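Report on one structure; see the data block that follows.
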Amino acid sequence: MIMRAHFFIILLAGIGSACSQHSGTKGSENASENNITHQAIDLAENYVSSQLKEAQKIASGNGINTWSDKQKGFVIDPRLIFLGPVDEDTIQDVIVSVAAFEGQSQVMTKHLILMNTNGKLALTQVVESDMEILFIKNGVITADVPTHARTSPLFNCSECRDVVNYRLQGGELVEVE
């Protein structure tokens, strides 16, 4: 089990370094953003540990945490935490993208939507999708979306992806132009 968890960490660290982009913030992060990021990690860890029986956490030296049991696993990578206003207000909300595994195969990504009310984050929605969030700006979530299903041989095709913009409207991600 420990070997499997280490495998997840090594695999995702390599994939994450090669493929992910983080919107981040310009300049240095202030204390408020650090607080929001820590809240987001705590909420994500609470969520994934609640999805597992006998959850075990393995922390890597680079901030990536793997939570797993005998059947499932989740990887929380701080590079996949995106800050920006998701709803109608201008307050920094957060989306945390969490890789979900069954055995050694990634089955999907869960995007935890955390809304900010008076500096306190709350998990309001979980979107299961293979999209890779690129950034959040002015209430628009920009994502890289595969054009083929995970079961297709063309799923990992680099040319078989579209950049799509979404807005959260009425609890649903709606494509916008």
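Residues being closer than 19 Å to Val126 by Cβ, aliphatic (A, V, I, L, M) and not in a strand (DSSP E or B) are entirely absent from segment 69-76. Selection of segment 157-177 for residues being outside any strand (DSSP E or B) and among the polar types (S, T, N, Q) yields only Ser158. The set of residues from segment 41-64 being in a strand (DSSP E or B) and in contact with an Asp or Glu (Cβ under 9 Å, 6 or more places away or on another chain) comprises Gln56, Lys57.
Residue count for segment 137-156 under the criterion of being farther than 17 Å from Asp87 by Cβ and part of a loop (DSSP other than H, G, I, E, B): the result is 10.
Computed from the coordinates by the stated procedures, all read-outs in this text should not be read as laboratory data. Keep in mind that this is a model prediction, so the values were computed, not measured. Backbone-built Cβ (ideal geometry, glycine too); neighbour counts: all protein chains shown.
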